[in-house]
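The structure appears right after this line, and notes come after that.
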Amino acid sequence: VLVKDLLRKYPQWSHDCIAVVGNISSKNVQEPKAKAALIWMLGEYSQDMQDAPYVLESLVENWDEEHSAEVRLHLLTAVMKCFFKRPPETQSALGAALAAGIADFHQDVHDRALFYYRILRYNVSVAERVVNPPKQAVSVFADTQSSEIKDRIFDEFNSLSVLYQKPSYMFTDKEHRGPLEFADELGNLSIGEAANNVVPTQMVEENDKDLLLTTSEKEETKGSRNNGSAYSVPYDGSSTSVFASQTQIESAVSNPTLAGHSPQASFAIDDLLGLGIPAAPAVLSPPQLKLNTKAALDPSTFQQKWRQLPVALSQEISVSPQGVAALTAPQALLRHMQSHSIHCIASGGQSPNFKFFFFAQKFEESSNYLVECVINTSSAKAQVKIKADDQNTSQDFSTLFESALSKFGTS
């Protein structure tokens, strides 16, 4: 169970953890939670575990002897994931698992198996995106959440918040939250110390919303390669999909013969001890755009503009190792960006995820640039969204912002 949680929080350690898990026999794991954790790893990393399809097949063959519904649910999902990565070796196990699941007496197991069967019949590519999408590393586990977060979930009882184990603002797109939700979110990010000298606004107390990097917010940056996530579970970069006809999928429940392919995953693994320090990113030369060093913008105007303006640019920026180290005191970044005439209006979060809202103004003009910057210190990456009054100069400002951020910690 601990290894599973390590992989969820630090997916870059997968090769090291899988090497250990591969030596564990499923016959020696009896506790339901432990068996469910092992099955999850077999499905999630089946492309790296040579025997994964055959171990899963043996577990499916003993379906009737497995008394834990949690284990059977995990087994269904793991076989599906394994099928998308290694179809020829898993097809037989998938058919048997779906047949057993649909006939299962437990309602949740029955419903999940029936859902998988129907979505496979509808479209295999869609099924793959639903069941086995690129994963986002876990930043905060549910059992470490504060009582305030849990109380808010209880206040939203009889809603999806209970199922997702998180308040609605953490999985609902901003445009569906209502007019006050975004203002509430921004207001609960703390005003940076450095910004106190620049932004004439009141201090706002920090609360549990500072923990958020919400699912919806990460999904909004799907334009980037990593689906808006600072890092993801090791995944074949080609996004290989298995295409099969309806007849082939239906045959998986009876006598399947599906010819497929096994995508070869190849990806580098991060240094386990973090000794391989990457070189600092090249410092970009800023454009000719000039910014107002004494720019001022009140939070309510920022919120209004943020809701109204479209996203002009979304990009991922590398942060230098020195910059990551300097983020132990986030106020250092606020002071650094202010020295480049980019001012912080609100900030929040905790390691490894920090969120900042910046703004800047054109020199001798009232044109504004608004920035949401989410920095993940584990991956040394920043996800940046820029909105601008003047769309024509948004690219110049983006280059200037990237140049300033790349210098953080190195100058």
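Ordering D104, D111 by accessible surface, largest first, gives D111, D104; the 1.4 Å probe counts only protein heavy atoms, with every chain in place. In the full protein assembly as shown, how much of F356 is accessible to a 1.4 Å probe, in Å² to the nearest 10? Its heavy atoms expose roughly 0 Å² to the probe. In region 291-407, Cα pairs under 8 Å separated by at least six residues give a relative contact order of 32 percent. Compute the FRET efficiency between I102 and E61 as 1/(1 + (r/R0)^6), taking r as their Cβ-Cβ distance and R0 = 25 Å, and round to the nearest 0.05. The computed FRET efficiency comes out at 0.90. Extension gain, Q391 to N23, is 126.9 nm, computed as 0.36 nm per intervening residue step minus the present C-alpha separation.
Spelling out what I want: for every residue of region 362-375, take phi, set θ = phi - 60°, compute 6.51 cos²θ - 1.76 cosθ + 1.60 (Karplus), and round to whole Hz; glycine and proline get x. For region 362-375, the Karplus curve yields 5, 5, 6, 9, 9, 6, 10, 10, 10, 9, 10, 10, 10, 10 Hz. Between amide H atoms placed 1.01 Å from N, distances below 5 Å from A346 occur with G192, F357, all of them 5 or more places distant or on a separate chain.
The candidates F157, F354, arranged from most to least accessible area with a 1.4 Å probe in the full protein assembly, appear as F157, F354. When the label point is put 7 Å from the Cα of E364 along its Cα-to-beta-carbon vector, which residues of region 290-316 have a backbone N closer than 20 Å? Hits in region 290-316 for E364 at 20 Å: 290-296. Computed extension gain for Q315 through A332, at 0.36 nm per residue and net of the alpha carbon distance, reaches 3.9 nm. For the pair F115 and S351 in one chain, pulling the backbone fully straight at 0.36 nm per residue adds 81.2 nm over the alpha carbon distance.
FRET efficiency for the pair D151 and Q322, taken as 1/(1 + (r/R0)^6) with r the Cβ-Cβ distance and R0 = 41 Å, rounds to 0.55.
For region 293-381, the list of GluC sites (Glu not before Pro) that fall in a loop by DSSP and count at most 10 other C-beta atoms within 10 angstrom reads E364. Rolling a 1.4 Å probe across all protein chains gives R86 an accessible area of roughly 20 Å². Using Cβ point charges alone (K and R +1, D and E -1), the dipole size of region 291-407 about the Cα centre works out to roughly 300 debye.
The values are calculated or read from the model by the stated rules, or taken from the named source; none is laboratory data. These numbers come from a predicted model, not from an experiment. Glycine also receives a Cβ, built like all others from the backbone with ideal geometry; neighbour counts cover every protein chain displayed. Only protein heavy atoms, including side chains, enter the accessible area calculation; ligands, DNA and RNA are left aside. Shrake-Rupley method; radii C 1.70, N 1.55, O 1.52, S 1.80 Å.
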